[in-house]
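Chemist: First, the structure itself, so that you have it in front of you.
The values are calculated or read from the model by the stated rules, or taken from the named source; none is laboratory data. Only a predicted model underlies this, so the values are computations on that prediction, with no experimental measurement involved. Please note: Cβ atoms are built from the backbone with ideal geometry, for glycine as well, and neighbour counts cover all protein chains shown. What goes into the accessible areas is simple: the full protein's heavy atoms, side chains included, and nothing from ligands, DNA or RNA. Shrake-Rupley method; radii C 1.70, N 1.55, O 1.52, S 1.80 Å.
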Amino acid sequence: MSGPILELKNVSASYEKVEAVRNVSLQLDRGSIVTVIGANGAGKTTLLNAIMGVKSASGSLRFKDEDIAALEIEARVGAGLCLVPEKRELFSTMSVEDNLRLGAYRLGGGAVAEGLQQVFRRFPRLLERRAQVAGTLSGGERQMLAMGRALMSKPALLMLDEPSLGLAPRIVKDIFQIIVELRQAGVSILLVEQNARAALHVADYAYVMELGEVTMHGRASDLAADPRIIESYLGLGGRHDT
Amino acid sequence: MNSTIALFLLQDGVINGAIYALLGVTLVLIFAVTRVIFVPQGEFAAWGALTLASLESGATPGTALLLVVLGVSAAVVETIRERASMRPARLGVMAVRDVAMPIALLLIVSTIAPTKPALWLSVLLTLALVVPLGPLVYRLAFQPIADATVLTLFIAAIGVHFAMIGLGLIFFGAEGFRNEPFIAGVFPLGPLMFKGQSLVILAATAALLAALWFFFEHSMLGKALRATAINRLGARLVGIPTRATGRIAFALAAAIGALSGTLIGSLTTISYDSGFIISLKGFVAAIAAGLASYPVTVVAAIGVGVLESFAAFFASAYKEVIVFSLIIPLLIWRSLVTAHHDEEEE
C-alpha cells in the first residue's frame with residue numbers, strides 16, 4: 001500500500017457551540033513525521049482527540065485506506081492508531097511494568113514479553129523503575145512511560161500530544177531523539193507541539209493551526225524558513241530552543 | 001455479660017461481618033469500575049438464597065424464568081437502540097447468549113429441579129442462573145448512561161433496586177425461606193460452639209477474598225478492570241473495552257452476591273426483600289473505606305458485624321439504628337480526613 005496512512009478531509013469538532021476544529025484536511029504518509037504546530041487553544045489537541053475517537057467529529061477520517069469515523073476508540077487502537085495524550089493518562093497507582101503490560105492489552109499475552117523487552121531497550125530508565133508506582137515518577141519518566149505504553153500496542157501511527165510539555169531541555173532532546181528513532185523503526189508519527197522549532201526540525205511535513213483552522217502547510221524545512229512562521233512561532237531568541 | 005456470652009457474640013458478629021465484607025467489597029468493586037453505587041447488591045444475595053431454596057424444595061426457581069425475560073428484554077432493547085450500526089454477527093451473539101442460552105437453562109433446570117439435586121449441584125445451578133443476571137442488569141440499566149454523573153448513576157441504581165424488589169416479589173412470592181446448611185451439626189472448640197455453616201461462611205469468605213485479590217493483582221483481565229477504575233480514558237486509549245469491564249464487574253457482583261445468599265440462607269430467613277438491609281450493612285463498611293479500599297472494607301465490615309451482634313444483645317430493638325447511625329460519624333470523619341474535590345472529575 002502506498003497511499004497516505006492517515007487522511008482527513010474537512011474534519012470539524014466542536015464543544016457546545018464553539019467549533020474548536022473547523023474543516024481541517026490533513027495527510028500523513030507512511031513512515032513520515034508530520035507535525036501540527038500552533039498556539040495554545042488553536043485546536044491541536046481537539047484534532048488529535050477527533051482522530052482517536054475521544055471526541056466526536058464530522059468529516060472524513062481514513063486510516064490505512066479504511067473509513068474509521070464510525071469506530072470506537074478501542075477499535076481504532078486495534079487498527080493500529082495510538083494516542084499519547086497531553087496529560088499522559090497513566091494508571092497512576094499501578095506499577096510501571098503493569099502500565100506497560102496493559103499497553104499490549106489488545107495483543108494478548110504473547111506480545112507482552114517481546115514488547116517489554118523492546119520498550120526497556122529504548123527506555124532503560126523504565127527498566128530501573130519497573131516496580132515503582134507510576135504516580136511517583138518524574139515528569140520525564142512519565143512521558144517515557146506514556147510513550148512506552150503506547151509502543152506496547154505496536155502502533156502503525158503514533159500520535160503525540162505535546163510530548164515535551166513541562167520537561168527539562170535535556171529530556172526534551174531525548175524525547176525528540178526517540179521520535180526520530182521510532183520513525184526509523186517504521187512508525188508513522190503525528191506530532192503536536194508548541195515547541196515549534198524542535199518539531200519542525202524532526203518533521204517531514206508540517207501544518208500550522210490557528211483558531212481551529214489550518215492556515216499554512218508545507219514541507220517542514222520550508223516552513224522553518226518562512227518569515228511568517230519565524231516571527232509567530234520561532235521567535236528570534238527561541239525561548240524553547242533545544 | 002460474662003466472657004462466654006462475649007465470645008459467643010463475637011463469633012456471631014464475625015460471621016455476619018464476613019458476609020457484610022463480601023457485599024461491601026463488591027460495592028467497592030462495582031463503584032471503582034463503573035462509578036455506580038450499586039444499591040441493589042443485596043438483591044443478588046436474596047435471589048441466590050431463594051433460588052437455592054426453590055431447588056431444595058424441588059421447584060423450578062423463579063430466576064430461571066426471570067433470566068429469560070431479562071435476556072430477551074436486553075436483546076430487544078439493544079437491537080432497537082443500536083439499529084443503525086447493528087451487524088449480523090452481533091445479532092447472532094445476542095440471539096445465542098441472551099435468548100437461546102437462558103431458554104436452555106430454563107429447560108435444564110426445570111428437568112433437574114424435581115429430582116431434588118444434590119447440594120453442590122443446586123449451588124452450581126444457582127450460580128448459573130444468577131450470575132448472568134448481573135451483566136443483564138448492567139446492560140439494561142447502566143450501560144446506556146455509563147458516562148453520566150455519579151449522582152445520576154446513583155439515582156438509576158435506586159430505581160433498579162425497586163425494580164429488582166418488584167421482580168423478586170413476582171418471581172419468588174412474598175414467602176420467606178430458609179436453606180439447609182452446607183454442613184449440619186455443631187463443633188465444640190474450647191468454650192465455643194461453632195455451627196458447621198459458620199465455618200463454611202468463614203472459609204468461603206476467606207477463599208473468595210483471596211481469589212479476588214489474586215484476580216486483581218495477577219491476571220490481565222483483573223488489571224484491566226483496575227486500570228479502568230484508575231483512569232477510564234487511559235484504559236480506553238490502550239484498547240480496554242470499558243463497556244465490557246462494566247459487564248464483568250456486574251457478573252462478579254452477581255456471583256459474589258449469589259454465593260453470599262446461599263451461605264446465609266441457612267442462618268436467617270430470606271424473602272424477596274431481605275437483601276437490602278444486608279447490603280446496606282456492607283455499604284456502611286464500604287463507606288468507612290471511602291468506597292476505595294478493599295482491606296479497609298473487610299475490617300470495617302467485621303466491625304459492623306460485631307457491633308451489630310453486641311447491639312442486639314444490649315438493646316435488641318435498636319440494633320439496626322445503632323449500626324446505621326454509625327454512618328454519620330463515619331461520614332464526618334471521612335469528610336475531615338479527605339481532601340475535597342469535584343466528584344465529576346475523572
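Chemist: Chains B and A: how much accessible area gets covered up at their contact, both sides added, probe 1.4 Å, in Å² to the nearest hundred?
Modeler: Buried area between the two chains comes out at roughly 2000 Å².
Chemist: Over the Cα atoms of region A:141-206, Rg to Rh with Kirkwood Rh, two decimal places?
Modeler: Value, to two decimals: 0.92.
Chemist: Ok, one more. Just grab the label-to-label distance for A:R130 and B:V99, each label 7 Å out from Cα along the Cβ direction, in nm (one decimal).
Modeler: Modelled inter-label distance: 5.0 nm.
Chemist: Going from most exposed to least, what order do B:W333, B:W213, B:W120 have by accessible area with a 1.4 Å probe?
Modeler: Ranking B:W333, B:W213, B:W120 by accessible area, largest first, yields B:W120, B:W213, B:W333.
Chemist: So for region B:7-47, considering every pair of alpha-carbon atoms, how many percent are separated by more than 12 Å?
Modeler: Counting pairs separated by more than 12 Å, the tail of P(r) holds 63 percent.
Chemist: Follow-up. Relative to the compact-globule scaling 2.2 N^0.38 Å, provide the ratio for the alpha-carbon radius of gyration of region A:92-154.
Modeler: After normalising by residue count via 2.2 N^0.38 Å, the value is 0.97.
Chemist: Just the number, please: Stokes-Einstein D of region B:209-346 in µm²/s, Kirkwood Rh from C-alpha pairs, 10 °C, 1.306 mPa s.
Modeler: 92 µm²/s
Chemist: OK, next. Take the alpha carbon atoms of chain A, find their radius of gyration, then divide it by 2.2 N^0.38 Å using N residues; give the quotient.
Modeler: The value comes to 0.98.
Chemist: Hey, what angle do you get for helix A:169-184 against the long axis of chain A, alpha-carbon based, 0 to 90 degrees rounded to 10?
Modeler: Its long axis makes an angle of about 90 degrees.
Chemist: Can you give me the distance in nm between label points at B:S73 and B:V150, each placed 7 Å from the Cα along the Cα-to-Cβ direction?
Modeler: Result: 2.8 nm between the two label points.
Chemist: Sticking with this one: Can you report the principal axis dimensions of chain B using only the alpha carbons, biggest first, rounded to whole angstrom?
Modeler: 70, 58, 36 Å, listed from the longest principal axis down.
Chemist: Related question: Per-residue mean of other chain beta-carbon atoms within 10 angstrom of the beta-carbon, peptide A:192-199?
Modeler: 0
Chemist: Return the long-range amide H neighbours of B:K195 (sequence gap of 5 or more, or a different chain), with a cut-off of under 5 Å between placed amide H atoms.
Modeler: Distant-sequence amide H within range of B:K195: B:F187.
Chemist: In a Gaussian network model over chain B where Cα atoms closer than 10 Å are linked, find which of B:A285, B:A118, B:A235 has the largest mean-square fluctuation.
Modeler: B:A118
Chemist: Quick one: compute the contact order of region B:4-101, relative version, from alpha carbon pairs under 8 angstrom and 6+ residues apart, as a percent.
Modeler: 16 percent
Chemist: If amide H atoms are built 1.01 Å from N in the plane of the peptide, which residues on other chains or at least 5 residues away come under 5 Å of the amide H of A:Y105?
Modeler: Amide H neighbours of A:Y105: none.
Chemist: Express the carbon and sulfur contribution to the solvent-accessible surface of region B:98-215 as a percent, rounded to the nearest whole number, probe 1.4 angstrom.
Modeler: Answer for region B:98-215: carbon and sulfur cover 79 percent of the accessible area.
Chemist: Something else now. What nm value, rounded to one decimal, do you get for the distance between B:V337 and B:L199 when each label is placed 7 Å out toward the C-beta?
Modeler: Computed distance between label sites B:V337 and B:L199 equals 3.6 nm.
Chemist: In whole percent, what relative contact order does region A:92-154 give with Cα contacts below 8 Å and a gap of six or more residues?
Modeler: Relative contact order here is 56 percent.
Chemist: Let me ask something else. Over the residues of region B:79-183, compute the C-alpha Rg and express it relative to 2.2 N^0.38 Å.
Modeler: Relative to the rule-of-thumb radius for its length, region B:79-183 sits at 1.36.
Chemist: To continue, here is another question. Please compute, over every Cα-Cα pair in the protein assembly as shown, the percentage with a separation greater than 44 angstrom.
Modeler: Considering the protein assembly as shown, 31 percent of its Cα-Cα pairs are separated by more than 44 Å.
Chemist: I'm a student and want to see the number: the projected area of the Cα convex hull of region B:178-258, averaged over all directions, in nm².
Modeler: Quarter of the Cα hull surface area: 7.4 nm².
Chemist: I'd like the accessible area for B:I248: 1.4 Å probe, protein heavy atoms, all chains in place, Å² to the nearest 10.
Modeler: 50 Å²
Chemist: Moving on. Tell me what chain B gives for mean residue ellipticity at 222 nm when only DSSP H runs of n ≥ 4 count, each as -39,500 (n - 2.57), the sum divided by the residue total, rounded to 500 deg cm²/dmol.
Modeler: Dividing the helical sum by the residues of chain B leaves -23000 deg cm²/dmol.
Chemist: How many angstrom separate the Cα center of region A:54-105 from the Cα center of region B:67-83?
Modeler: 29 Å
Chemist: Kindly identify residues of region A:72-90 having a loss of at least 30 Å² in accessible area between the isolated chain and the assembly of all protein chains, probe radius 1.4 Å.
Modeler: Going by heavy-atom accessible area, the residues of region A:72-90 that drop by at least 30 Å² are A:E72, A:I73, A:E74, A:V77, A:E89.
Chemist: For chain B, what is the accessible area per residue in Å² when the probe is 1.4 Å?
Modeler: 43 Å²
Chemist: While we're here: Expressed as a rounded percentage, what relative contact order does chain B have, with Cα pairs under 8 Å and six or more residues apart?
Modeler: Relative CO of chain B lands at 38 percent.
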